[in-house]
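Remarks on the structure that follows.
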Amino acid sequence: MAEKITKDMIIEDVVRKYPNTIPVFMAHGLHCIGCHIANYETIEQGALGHGLDDITDLLKDLNETAAGADGN
């Protein structure tokens, strides 16, 4: 079972563990994948930096995608 992705997780850690989440980040306007800031910025910080105030849908989509990678 995939670990629950939360707003406090570092973007790069999520992408490294669940590379299939890259399109989800991109679809939500977080094109920071590969940016050096993603190495220490949380999902919430990245979202706020890109003008995304409500990250409910982003987290839902990330978790669904990560769970799908585990076959759950």
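Derivation of every value follows stated rules applied to the coordinates shown; laboratory data play no part. Note that the structure is predicted; figures quoted are calculated from it, not measured. Every residue, glycine among them, receives a Cβ derived from its backbone with ideal geometry; neighbour counts consider all protein chains shown.
Report, ordered by chain and residue number, the aspartates and glutamates lying within cross-link reach of LYS4, taken as a straight Cα distance under 13 Å and ignoring same-chain residues fewer than 8 apart.
Within the straight-line limit of under 13 Å, LYS4 reaches these aspartates and glutamates: ASP13, ASP61, GLU64, ASP70.
Taking the Cβ of LEU52 as the centre, find all other residues whose Cβ is under 15 Å away and add up their charges (Lys, Arg: +1; Asp, Glu: -1).
-4
Does the stretch 11-69 classify as rounded, prolate or oblate by the C-alpha gyration tensor (a ≥ b ≥ c root eigenvalues; a/c under 1.5 gives rounded; else a/b over b/c gives prolate, otherwise oblate)? Walk me through the numbers before you get to the answer.
Details: a/c = 1.85, a/b = 1.16, b/c = 1.59.
The shape class here is oblate.
Would you mind checking the tilt of helix 56-69 against the longest principal axis of the Cα atoms of the chain, expressed as 0 to 90 degrees and rounded to 10?
Result, in degrees: 40.
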